[in-house]
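Report on the structure given below.
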Amino acid sequence: MVTEQDTEEADSGPKFTIEPGDLGGLMAEFPHIRQWVEDFEAEHGSRPIYYGPLDRDAKSVSPRNLIYATKPPCFAHVYSPPEGAEGAGNTFWYGLEPTINEEEELIRDQIVERLLRDAPQKERFENDEEFIAMIHEMMDEMTTTAGLLFSNPVVDQARELMGFGEPRISVTPEQLVRLKYVVVRDLVNNGPLETLLADEMLEDIHSIGMNRIHMDHKVFPMLTSNIAFKDQELLTGYLRSMSERIGRPVSDSKPIVDGALLDGSRINIIYSDDVSIQGSSFTIRKFAEETISIIQLIKWKTLSAQMAAYIWLGLESGMSMLVSGETASGKTTTLNAVLPFIDHNVKIYTAEDTPEVKVAHPIWQRLITRDSKNEDSRVEMFDLLKAALRSRPRYIIIGEIRGVEGAIAFQAMQTGHPVVGTFHASNIVKLIQRFTGDPINVPARFFDNLNFAIFQEVVEAPGGGIARRITGVSEVIGFDKTADGILTRNMFEWDPVADVVYFRGMFQSDMLENKIAPRMGFRSKRDIYDELQRRTDAIQVMCDRDLTHYDDVYDLLDVYYKEGWDRFSSAIQSWTGINH
């Protein structure tokens, strides 16, 4: 039986599960799982285990042949063929969901036709949940499980002439369940990619032409899926539909677009076999539905508690900061995680190409660029930052600095608006080179308006797989006329052998001693290091108490900003969490 669990699976996210190991119970509850397991066992001679919600310990399961929960009725099956078998050396991912046969496809088509015809006369819906509820209600009204004949034209016409209305469609209860899933999947959710997007353990999804879709996984190596588009027409039609849903339609004249799906995942579409030789393609970078907290990142060893305390002091005191690193290094996740450190009583503006930044502060203005063939209608990042400056926010947050908007960001810093954003550079030297060179061209003498930058990388995790680590934090001290260069100093360094972070800035931090300590009213600037330790200890207590939910972390910091340190300190000790 499916039950709602009150567990905190930070890695996986699903809330509904059958007891791990109970494959029989899973098969009894979900007929499509039973059919899949029976067919798989007949073909491969082995039966998978049911793992339950996936965690990182699953990588040690051997042989690798397990089914795990994503968002029931969606499940995933991961299988590595044994040595000597076809496909040995690869790991395959199979998306499991209810399916319909050819006869049921005809029923589905008739249901969809009626839905599209009659839905405009129904009450307006405010969100997807209400839309799905309306579809289910309409499907219940237009179907029957009482065994009436389906699609008899003579009977249909006679009923309409006699005033009985449109005939109901005869289905079995099991068919109705499958049809509801498929109709909602195609009209509301993600169509043929539903099982992929339902899996929170997938990070990147790659589709090239008619090839099978491949994925980067949080636990297993690169996976090959059982999902592929049947023909080019179906693929191009899906990409056209997807691009229109995200508000960035593709065409032969504009074959490359970037956008965000409804769950916040980023999608890049290349809609042309002239540009992509193997056929139209797309890449989806998935983001967790629940925002990852700074405490969770510390427990994952992305950064240390002391590093988090340092960032807290910086953001509370109005310092400008960049989160920098290579593609898929986790920059946006870290950016979102540190934003609760900003004073909760101030106004925040965000400027983005795709909506990825998540701010919990009550005064938040979210600005998004707008693409258009008409140049006068186009709204670019440059325009958003100019608009933000006129509104005098406390912080301006830029989802990603890529080009000339970087110069506007530094102008904002010069006028007293702290800026936080992400950037592509692996260390402080490359960051300075990119900002001071084309096309951004920030004058070197203005660079000290940026206070500090943190650098994040994808590294090999202990025991295999990948992990993300903040490998360094650097302060920008200022422009040295004598050396004709920008002075910087490393505050934190990651040791890849021991997998620990060392604080190199004790009694060496220009930002802590000369900028933050005076703002906080310390008589001796060295007292700021005691404050750093106090905050480090508080964050460590939150880690020890497993207060990893983003909302819990935000609410606790809200206590700090509204009621002071003493109330915050006691709240940490007594906090029971939003899910307890």
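The values are calculated or read from the model by the stated rules, or taken from the named source; none is laboratory data. Just so we're clear, the structure is a prediction, and the values are computed from it rather than from any experiment. In this analysis, Cβ positions are derived from the backbone assuming ideal geometry, glycine residues included, and neighbour counts consider all displayed protein chains. With ligands, DNA and RNA removed, areas are computed over all heavy atoms of the protein, side chains included. Shrake-Rupley method; radii C 1.70, N 1.55, O 1.52, S 1.80 Å.
Within the range 487-513, track down each residue that is exposed (fewer than 14 other Cβ atoms within 10 Å of the Cβ) and of a type in the set (A, V, I, L, M, F, W, C). VAL497, ALA498, VAL500, MET506, PHE507 - these are the residues of the range 487-513 that are exposed (fewer than 14 other Cβ atoms within 10 Å of the Cβ) and of a type in the set (A, V, I, L, M, F, W, C). Filter the range 309-340 down to the residues that are in a helix (DSSP H, G or I) and within 22 Å of HIS424 (Cβ to Cβ) and list them by number. Within the range 309-340, ILE311, GLY314, LEU315, LYS331, THR332, THR333, THR334, LEU335, ASN336, ALA337, VAL338, LEU339 qualify.
Here SER293 qualifies as touching a residue at least 60 places away in the same chain (Cβ under 8 Å) and of a type in the set (Ser, Thr, Tyr). Of everything in the range 278-310 that is at pLDDT below 95 and among the small types (Gly, Ala, Ser), the residue that is most open to solvent (accessible area, probe 1.4 Å) is ALA288.
Per this entry, PHE479 is not counted among residues that are touching a strand residue (DSSP E or B) at 6+ places or on another chain (Cβ under 8 Å) and crowded, with 22+ Cβ neighbours inside 10 Å. Annotation note: Cβ proximity below 9 Å between a residue of the range 218-239 that is more than 13 Å from PRO192 (Cα to Cα) and a residue that is of a type outside the set (Lys, Arg) and in a helix (DSSP H, G or I) (sequence gap 6+ or interchain) occurs for VAL219/ASP57; VAL219/ALA58; PHE220/ALA58. Listed by first and then second residue, the pairs with beta-carbon distance under 8 Å, at least 6 apart or on different chains, first residue in the range 301-323 and among the basic types (Lys, Arg), second modelled with pLDDT under 95, are LYS301/ALA467; LYS301/ASP499.
Within the range 539-575, restricting attention to residues that are β-branched (Val, Ile, Thr) and part of a helix (DSSP H, G or I), the residue that is surrounded by the fewest Cβ atoms within 10 Å (Cβ to Cβ) is VAL541.
Hey, does the range 337-344 have a residue that's open to solvent by 10 Å² or more (accessible area, probe 1.4 Å) and either in contact with a Ser or Thr (Cβ under 8 Å, 6 or more places away or on another chain) or closer than 23 Å to VAL500 by Cβ (or both)?
Keep residues of the range 337-344 that are open to solvent by 10 Å² or more (accessible area, probe 1.4 Å), which gives 343.
Then keep just the ones that are either in contact with a Ser or Thr (Cβ under 8 Å, 6 or more places away or on another chain) or closer than 23 Å to VAL500 by Cβ (or both); that gives none.
No, the range 337-344 contains no residue that is open to solvent by 10 Å² or more (accessible area, probe 1.4 Å) and either in contact with a Ser or Thr (Cβ under 8 Å, 6 or more places away or on another chain) or closer than 23 Å to VAL500 by Cβ (or both).
In the range 408-428, the residues that are in a strand (DSSP E or B) form Cβ pairs under 6 Å with partners that are small (Gly, Ala, Ser) and surrounded by 20 or more Cβ atoms within 10 Å (Cβ to Cβ), at six or more places apart or across chains, as follows: VAL419/SER320; VAL419/ALA409; VAL419/ALA412; PHE423/SER324. Cβ-Cβ distances below 8 Å connect the following pairs, each with a first residue in the range 181-203 that is within 28 Å of VAL219 (Cα to Cα), a second residue that is in a loop (DSSP other than H, G, I, E, B) and hydroxyl-bearing (Ser, Thr, Tyr), and a separation of six or more residues or different chains: LEU197/SER265; GLU200/SER12; MET201/SER12. Of all residues in the range 491-517, those satisfying the criterion of being in a strand (DSSP E or B) and touching a residue at least 40 places away in the same chain (Cβ under 8 Å) are MET491, PHE492, VAL500, VAL501, PHE503. Residues in the range 443-464 that are closer than 16 Å to ILE477 by Cα and over 23 Å from the mean Cα position of the chain (by Cα): PRO443, ALA444, ARG445, PHE446, PHE447, ASP448, ASN449, LEU450, ASN451, PHE452.
Do we find a residue being touching a helix residue (DSSP H, G or I) at 6+ places or on another chain (Cβ under 8 Å), in contact (Cβ under 8 Å) with a residue 12 or more places away in the chain and among the aromatic types (Phe, Trp, Tyr) anywhere in the range 48-66? Yes, the conditions are met somewhere in the range 48-66. Hey, could you check the range 385-407 for residues that are aliphatic (A, V, I, L, M) and assigned to a strand (DSSP E or B) and say which is farthest from LYS347 (Cα to Cα)? Taking the candidates together, the pick is ILE398.
So which residues in the range 76-91 are without any contact (Cβ under 8 Å) to a residue 60 or more places away in the chain and open to solvent by less than 10 Å² (accessible area, probe 1.4 Å), if there are any at all? Write out each step before concluding.
Taking the range 76-91 first, the residues without any contact (Cβ under 8 Å) to a residue 60 or more places away in the chain are 77, 79-89.
Scanning the range 76-91 gives a single hit, HIS77.
For the range 250-259, a residue qualifies if it is at pLDDT 90 or above and open to solvent by 30 Å² or more (accessible area, probe 1.4 Å), and exactly one does: ILE256. When the range 282-316 is limited to residues that are touching a Leu at 6+ places or on another chain (Cβ under 9 Å) and small (Gly, Ala, Ser), the one that is nearest to ARG535 (Cα to Cα) turns out to be ALA309.
The single condition from (1) at pLDDT 95 or above; (2) open to solvent by 60 Å² or more (accessible area, probe 1.4 Å); (3) not basic (Lys, Arg) that ILE578 fails is (1). Among the residues of the range 23-51, those identified as open to solvent by 40 Å² or more (accessible area, probe 1.4 Å), of a type in the set (Gly, Ala, Ser) and farther than 24 Å from ALA85 by Cβ are GLY24, ALA28.
Residue pairs whose Cβ atoms lie under 7 Å apart, separated by 6 or more positions or on different chains, with the first residue in the range 124-143 and under 17 Å from VAL177 (Cα atoms) and the second open to solvent by 90 Å² or more (accessible area, probe 1.4 Å), are MET142/ARG168; THR143/ARG168. State yes or no: is GLY472 open to solvent by less than 20 Å² (accessible area, probe 1.4 Å), part of a loop (DSSP other than H, G, I, E, B) and either aromatic (Phe, Trp, Tyr) or at pLDDT 95 or above (or both)? Answer is no for this residue. One residue alone among SER243, SER265, SER317 is out of contact with any Cys (no Cβ under 6 Å at 6 or more places or on another chain), of a type in the set (Gly, Ala, Ser) and either open to solvent by 30 Å² or more (accessible area, probe 1.4 Å) or over 21 Å from GLU356 (Cα atoms) (or both), and that residue is SER317.
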